[in-house]
1. Out of region 12-35, which residues are open to solvent by less than 50 Å² (accessible area, probe 1.4 Å) and farther than 23 Å from Glu88 by Cβ?
2. Looking for whichever is modelled with pLDDT of 90 or more, in contact with a helix residue (DSSP H, G or I) (Cβ under 6 Å, 6 or more places away or on another chain) and either open to solvent by 90 Å² or more (accessible area, probe 1.4 Å) or in a helix (DSSP H, G or I) (or both) here; the options are Lys92, Lys38. Which one fits?
3. Quick one: count up the residues across region 39-58 that are over 14 Å from Asp87 (Cβ atoms) and in contact with a strand residue (DSSP E or B) (Cβ under 8 Å, 6 or more places away or on another chain).
4. Would you say Leu46 is of a type in the set (A, V, I, L, M, F, W, C) and within 25 Å of Ile27 (Cβ to Cβ)?
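The values are calculated or read from the model by the stated rules, or taken from the named source; none is laboratory data. What you are looking at is a predicted structure, and each value in this text was computed from that prediction instead of being measured. Every residue, glycine as well, gets a Cβ built from its backbone with ideal geometry; the counts of neighbours run over all protein chains shown. Just so you know, the surface numbers come from the protein's heavy atoms only, side chains and all, with ligands and any DNA or RNA stripped out. Shrake-Rupley method; radii C 1.70, N 1.55, O 1.52, S 1.80 Å.
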Amino acid sequence: MAASAPLENDVAFIVKAGQSYELDVPIGVYKLYYATGKTFFNTAILFGDTTRYYESDELLTFNASGDYYNGHTITLYEVVNGNLDTDEISEKTFPTR
């Protein structure tokens, strides 16, 4: 199975371990994919041989209600009783451009 190409309205960003990042996401429904590893090299090979790939079990909805925008705050470390389940996936199913 070939890796699926992201849609044009997909959002991609890089966050260094221990740091946070805030971003305005266009209204829509998204599936979260992320990669982790020891040392980030570049967007082509990510973390090299230590790269591990994940996807969220659920879709994330970003919408507007009146004057308010509804979104999500996501932490990429284990949270006791957290509410976002993820599964490790193969590199072949990780979206790339």
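1. Filtering region 12-35 down to residues open to solvent by less than 50 Å² (accessible area, probe 1.4 Å) leaves 25, 28, 30, 32, 34-35.
Once the filter is applied, which keeps residues that are open to solvent by less than 50 Å² (accessible area, probe 1.4 Å) and farther than 23 Å from Glu88 by Cβ, region 12-35 yields Val25, Gly28.
2. Working: Lys92 fails: in contact with a helix residue (DSSP H, G or I) (Cβ under 6 Å, 6 or more places away or on another chain).
Going through Lys92, Lys38 in turn, the sole match is Lys38.
3. Narrowing region 39-58 to residues over 14 Å from Asp87 (Cβ atoms): 39-51.
Narrowing the set further to residues that are in contact with a strand residue (DSSP E or B) (Cβ under 8 Å, 6 or more places away or on another chain) leaves 40, 46-47, 51.
Total satisfying the criteria: 4.
4. Details: of a type in the set (A, V, I, L, M, F, W, C): yes; within 25 Å of Ile27 (Cβ to Cβ): no.
Taking the combined requirement at face value, the residue does not satisfy it.
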